[in-house]
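Peer 1: What follows is a single structure, and I will ask about it in a moment.
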Amino acid sequence: MWTVSSPLRDALEIRHAVAQLGCDIYEPLTEHPEAVYTPAELVALLSHELIGKVFDAPIRTRAKLAKQAVAKALGYPIPETLRKTKPRFPGQDLDVYVQQSNNLQVWNDEISPTRRYAVLGLDAANRVVAVRVVEGLELAAFDNTGTLTSKYQASRQPGRTGSTLVSADDTRPFVTELAPVDDLSSGALARMLPVSPPTSGQVLTVASLHARLMELVGGSLEYSPSERQRGEQLHRAACSALGLGSYADTGRFPDILCQALEVKLQLAGTIDLGLVSPDSEEPALTLSPRLRHCDVRYLIAYAVRTESGMQIEHIVTSTGADFFDEFQRFGGLVQNRKLQLRLPLDFFHPKEPSDGGI
């Protein structure tokens, strides 16, 4: 007997909720989290509805037909015309691209870090053969020009030293949505996956995070000339300090999703914040439609080189909302007219994220 997979079953329920609301693709869904799809649900539903469909038309018309088909698949009325909004599906914070080649072009827009990008893969006959949904941070990884790697930068304010808890409390929306607690049992923490969404009542407060992460101070990490691999070392150590039973990394924001925690390892004073400004009030759909980037918590760990590797000297823990109470912002925004991103050959069939014991 044929059974519906869990993401598809959930997506079909969300599509029903979208249809019941009767809204169009432009209406915000901040007050209707039950009508917002997760990336996995988008992949499941769009694959179910669109694979095998043919969009045989000139490029511009093909793109329009594909977006209309996506709207229908998601439970929305089919728009006769598509407004030039950014993104094209504001309610779901979703953009749609149709690709026959591995050269994805983004025109007159910047990649938004937590926006979702649905990429439909076509064969030579213009038939949809694959669907993948990625967030902006994942898509930005395919930019080989370096334009997008350090859009926002900061440094610690002069005279600030040592380990500090910047935020005594989490933001009010974070508390309302996730009800953070001061303590969780070791068993509960060990069962959590770092890449799983946070659950109400299963998230530590920012103060409790800081207390546990202080275990990192004085600890040693393996040195690598690769900034990415150095960051992985801290990421893994932070998972261990928090008592999580495993390590996993998908490259998505924030690093430790189950605790809404972004981690940064610093061997120098300049902090590369990437595409997300900590104080941004844009929705962070990886957490919840009702939460913003500034509700995420940040760990900044300062380390020095040693003969055997790296040693963490002090840490700073803060909510995004309070981040610039301790740090100073600098650097301008990168403006892009056209970005050309070369997708890897295995883009539609990526390898599983790295994971394992700590």
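Peer 1: Ignoring everything except DSSP H segments at least 4 long, calculate the 222 nm mean residue ellipticity for the chain; use -39,500 (n - 2.57) per segment, divide by total residues, nearest 500. List each step's numbers first, then the result.
Peer 2: Values: 9 runs with 88 residues, N = 358.
After summing the helix terms and dividing by the residues of the chain, the value is -7000 deg cm²/dmol.
Peer 1: In the chain, which helices (entire DSSP H runs) extend 20 Å or more along their own long axis, judged by Cα positions, while averaging at least 0.0 on the Kyte-Doolittle scale? Present the calculation step by step, with values, prior to reporting the outcome.
Peer 2: Working: long enough: 6-21 (23 Å, 0.03); 59-73 (21 Å, -0.23); 227-241 (21 Å, -1.35).
Taking the DSSP H segments of the chain (at least 20 Å long, mean hydropathy at least 0.0), we get 6-21.
Peer 1: At 20 °C and 1.002 mPa s, grab the translational diffusion coefficient of the range 119-214 from Stokes-Einstein with a Kirkwood Rh over Cα pairs, rounded to a whole number in µm² per second.
Peer 2: Estimated diffusion coefficient is 119 µm²/s.
Peer 1: If you filter the range 10-92 for GluC sites (Glu not before Pro), then keep DSSP loop positions with at most 11 other Cβ within 10 Å, what is left? Don't jump to the answer; show the numbers that get you there.
Peer 2: Values: sites: GLU13, GLU31, GLU34, GLU41, GLU49, GLU80; in loops: GLU31, GLU80.
Passing both the DSSP loop test and the Cβ count: GLU31, GLU80.
Peer 1: Which value, to two decimals, describes the C-alpha radius of gyration of the range 199-259 once divided by 2.2 N^0.38 Å?
Peer 2: Working: Rg = 12.3 Å, N = 61, 2.2 N^0.38 = 10.5 Å.
For the range 199-259, the normalised Cα radius of gyration is 1.17.
Peer 1: Keeping to pairs on different chains or 8 or more places apart, tell me how many lysine pairs in the chain have Cα atoms under 17 Å apart.
Peer 2: Step by step, the pairs that qualify in the chain add up to 12.
Peer 1: At a Förster radius of 22 Å, what calculated FRET efficiency corresponds to the Cβ-Cβ distance of GLN328 and ALA168, to the nearest 0.05? Can you show the working numbers first?
Peer 2: Details: r = 21 Å, r/R0 = 0.95.
Computed FRET efficiency for GLN328 and ALA168: 0.55.
Peer 1: Okay, next question. Could you tell me what a quarter of the Cα convex hull surface of the range 235-334 works out to, in nm² with one decimal place? Could the numbers behind the result be given before it?
Peer 2: Values: hull surface 29.9 nm².
Over every viewing direction, the Cα hull of the range 235-334 projects on average to 7.5 nm².
Peer 1: Evaluate 2.2 N^0.38 Å with N set to the residue count of the range 157-254, then give the Cα radius of gyration divided by it.
Peer 2: Numbers: Rg = 14.7 Å, N = 98, 2.2 N^0.38 = 12.6 Å.
Rg over 2.2 N^0.38 Å, computed on Cα atoms: 1.17.
Peer 1: Can you tell which of ALA190, PHE323, PRO283 lies farthest toward the positive end of the dipole of the chain, using +1 and -1 charges on the Cβ of basic and acidic side chains (Lys, Arg; Asp, Glu)?
Peer 2: My answer, from the dipole projection, is PRO283.
Peer 1: Something else: Kirkwood hydrodynamic radius (Cα pairs, Å) of the range 152-330?
Peer 2: Kirkwood radius, the range 152-330: 16.2 Å.
Peer 1: Moving on. Note down the nm distance, to one decimal, between modelled labels 7 Å out along Cα→Cβ at SER220 and at LEU12.
Peer 2: It is 5.6 nm.
Peer 1: Pop out the Kirkwood hydrodynamic radius of the range 1-89 from its pairwise C-alpha distances, inverse of mean 1/r, in Å to one decimal.
Peer 2: Details: mean 1/r = 0.0718 Å⁻¹.
Computed over the range 1-89, the radius equals 13.9 Å.
Peer 1: If one computes P(r) from the Cα atoms of the chain, what percent of pairs lie at distances over 25 Å?
Peer 2: On the way: 35929 of 63903 pairs.
So the pairs more than 25 Å apart make up 56 percent of the total in the chain.
Peer 1: Determine the relative contact order of the range 152-330: mean sequence separation of Cα pairs under 8 Å and six or more apart, normalised by residue count, in whole percent.
Peer 2: Numbers: 366 pairs, mean separation 59.4, N = 179.
Normalised by residue count, the contact order of the range 152-330 is 33 percent.
Peer 1: Taking Cα pairs under 8 Å and at least six residues apart, what relative contact order does the chain come out at, in percent?
Peer 2: On the way: 691 pairs, mean separation 73.6, N = 358.
That works out to 21 percent.
Peer 1: Would you kindly state how much longer the chain becomes between ALA211 and ILE59 on full extension, computed as 0.36 nm times their sequence separation minus their alpha carbon distance, in nm to one decimal? Can you show the working numbers first?
Peer 2: On the way: separation 152, 0.36 × 152 = 54.72 nm, distance 5.47 nm.
Fully extending the segment from ALA211 to ILE59 adds 49.2 nm.
Read-outs: derived from the displayed coordinates by stated rules, not from any lab. Small disclaimer: the values here were computed from a predicted structure and weren't measured. Glycine also receives a Cβ, built like all others from the backbone with ideal geometry; neighbour counts cover every protein chain displayed.
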